[in-house]
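What follows is a single structure, written as C-alpha cells, with notes after it.
Readers should treat all values here as calculations from the given coordinates under stated rules, not as data from a laboratory. This one's a predicted model, so the numbers in the text were calculated from it and none came from an experiment. Cβ atoms come from the backbone with ideal geometry, glycine included; neighbour counts cover every protein chain shown.
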C-alpha cells in the first residue's frame, strides 16, 4: 500500500515544471532515503509539535532531544518535498503533506507499517523474488509471513490493528452502499473482528451472518459486535477457511481483501472450497479486492502488487485476471466493477 494514492497529494509538492525531470531523478535514486526522513519526522512527532503554528527549531530540538543543527538540516530537506515549510529563518510550520503525520491521521499507521523491519528488510532480497517468483520474506526470515507473526507477538498485535484500521477506512463507503438487504444470511470469511458485519447488520435488520476467522482474530469480535448491537445475529466461528468447514446455509459468501495476498494456487483452492459449499443453492460470491488499472496508468495497486510478491507470495489482479480466476473455479463475474478497490459479484456456473 502506498502512502500517496492520489494526484491531489502529489500536487502539494512544490515542483516547477522545469524541475520535474530532476524530481523524477531524485525519486529514482533517493526514494528509500526519503522514507527514512518521513520515519524520523514521525518518531520525533514534529507535525504534532507545530500543529498550532510555526515554531523555532531550537524549541523543537529541545523538546524531542535532538541536535539543533542536525534537526534543522532534516527539516530543511523535508521542505523540498513539501512536508514542512520554513516560514522564517529556522522556523517551521505544517503543510498539507506534513499534516498527514499528525497522530490523528490515517497516514500514520501506513508509515509505521512501511518502515518496520518485517516490511523493509525483505525488499533487500527483492532480486530473490524476481529470479524465483517466491516471496523474499521467507528467504530473509526463514519462515512465511504469517508464521513470523505467530512467533513475534508485538509485530502480530500491530499488524492485526493495522489491518483492522485499514479495512475500516477502505470498506466503509462502497461496502455500506451495497444492497445487502437482498440477502438473509451472509458468511464473512476472514472477517477479522467483525467490524464490517457490525456496520452491515446495523443498517439491515433482516440480515444475519456468520463471522469466520482464526481464533486469535475473532477473539476481539465480542466487543465490536456488541457495540453495534448485533451480537445475537452473528454466529462467530473460529477456524481456518483452508482447513475447516465453510459455513453452510448462507445466501452470500464474502471475501474482503483475502485473495490478493494468496498465491494463485491457494486462491483457487479457497474459491473451489466456497464453490463446493454453494453447490446449486444459488448463493452469491462477493469478493472485495483490488482491480489493477491497465498498463502505463498510475495505480498504487501496481506497487502493492510488489508487496504481495515480496512479503506474502500473493498478487494483485487486473479485471481479466479476476475473470479467468473465477472461471477456473466455477464462478462467473456478473457485475461491472470499477478499477481500484471494488466489489466483484459472482454467481456459480
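Among 90, 131, 269, determine the one that fluctuates most according to a GNM of the chain built with springs between C-alpha atoms less than 10 Å apart.
Evaluated over the chain, the most mobile residue of the options is 131.
Report, in degrees rounded to the nearest 10, the 0 to 90 angle that the Cα long axis of helix 319-328 makes with the longest principal axis of the chain.
Rounded to the nearest ten degrees, it is 30.
Kindly put 117, 193 in sequence by how many other C-beta atoms sit within 10 Å of each C-beta, fewest to most.
Exposure proxy ranking, most exposed first: 117, 193.
For the chain, what is the percent of antiparallel DSSP beta bridges, rounded to the nearest 5?
Given both bridge residues lie in the chain, the antiparallel proportion sits at roughly 45 percent.
Can you give me the relative contact order of the range 17-106 as a percent, contacts being Cα pairs under 8 Å and 6 or more apart?
Once divided by the residue count of the range 17-106, the mean separation gives 28 percent.
Can you give the helix-only mean residue ellipticity at 222 nm for the chain, where every DSSP H stretch with n ≥ 4 adds -39500 (n - 2.57) and the sum goes over all residues, rounded to the nearest 500 deg cm²/dmol?
-13500 deg cm²/dmol
For the residues 62, 105, what sequence is obtained by ranking on other C-beta atoms within 10 Å, fewest first? Walk me through the numbers on the way to the answer.
On the way: 62 12, 105 15.
Ascending Cβ contact count within 10 Å gives the list 62, 105.
Anyone know which of 36, 112, 256 comes out most mobile in the 10 Å Cα GNM of the chain?
Largest GNM mean-square fluctuation: 36.
Counting other beta carbons within 10 Å of each residue's own, what order do 165, 228 fall into, fewest first?
Listing 165, 228 from fewest to most nearby Cβ atoms yields 165, 228.
Between the helical axis of 264-278 and the dominant principal axis of the chain, each derived from Cα atoms, what acute angle in degrees is found, rounded to the nearest 10?
40
Which one, 288, 298, 322, has the greatest fluctuation when you compute a Gaussian network model over the chain with C-alpha springs under 10 angstrom?
Comparing 288, 298, 322 in the GNM, the peak value goes to 298.
Rounded to the nearest 5, what is the percent of antiparallel bridges among the DSSP beta bridges in the range 171-348?
If we restrict to bridges inside the range 171-348, about 35 percent are antiparallel.
Taking only C-alpha pairs under 8 Å that are 6+ residues apart, what is the relative contact order of the chain in percent?
14
Tell me the relative contact order for the range 211-321 as a rounded percent, counting alpha carbon contacts under 8 Å between residues six or more apart.
26
Can you give the FRET efficiency to the nearest 0.05 for residue 116 and residue 21, using r as the Cβ-Cβ distance and R₀ = 35 Å?
Values: r = 33 Å, r/R0 = 0.94.
E between residue 116 and residue 21, to the nearest 0.05, is 0.60.
Based on the alpha-carbon set only, what is the convex hull volume of the chain divided per residue, in Å³? Don't skip to the end; give the middle numbers.
Numbers: hull volume 56.2 nm³, N = 349.
Cα-based convex hull of the chain, divided per residue, equals 161 Å³.
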